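Working notes, beginning with the structure itself.
The values are calculated or read from the model by the stated rules, or taken from the named source; none is laboratory data. Quick caveat: nothing in here was measured; it's all calculated off a predicted structure. Ideal geometry is used to build each Cβ from the backbone, glycine not excepted, and the neighbour counts take in all protein chains shown.
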Amino acid sequence: MLARITLAVVLLLAPIMGYVLLMGNLTALNYSLAQANAEKLDLQEETMRLDDRIAALESRDRLAGVAARLHMHDAATYAVVEVPRPLATPPSGIAFLGSLFHR
C-alpha cells in the first residue's frame, strides 16, 4: 500500500517538478538575453562616441593646426628612392633532406 502511494505521488510530482525546472531555466535565459541586449546597446553607444572622436581627430582643420604648430610645410622638391630587394634564398628544410627537396 505504501509503495502505491509513493508511486502515485512520484507520478504526480514528476511532471510538475519538470515544469518548474523548465520555467526556471527559461527565466534565467530571459535574464541573460536582457543583459546581453543591454550590453549590446552600451557597446553600440560607445562605438558611436569613438567614431565621432576619430572623425574629430582626423578632421583636416585639426591636422592643419597640428602641422602648423610643428612648423611643417609642403615639400618643395620630391625625391624617388629605389630600395634594393634582398636576394631570395630557398627555404631550408631538414638538413639531411634539404638536398632532396630543394634543388
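How many residues are β-branched (V, I, T) and not in a loop (DSSP other than H, G, I, E, B) if we restrict to the range 56-82? Final tally of qualifying residues: 1. If you check E58, E46 for being surrounded by 10 or more Cβ atoms within 10 Å (Cβ to Cβ) and not aromatic (F, W, Y), only one passes: E46.
For G93, only one of the following conditions fails: (1) touching a helix residue (DSSP H, G or I) at 6+ places or on another chain (Cβ under 7 Å); (2) modelled with pLDDT of 95 or more; (3) not aliphatic (A, V, I, L, M). What is its number? Only one criterion in (1) touching a helix residue (DSSP H, G or I) at 6+ places or on another chain (Cβ under 7 Å); (2) modelled with pLDDT of 95 or more; (3) not aliphatic (A, V, I, L, M) is unmet by G93, namely (2).
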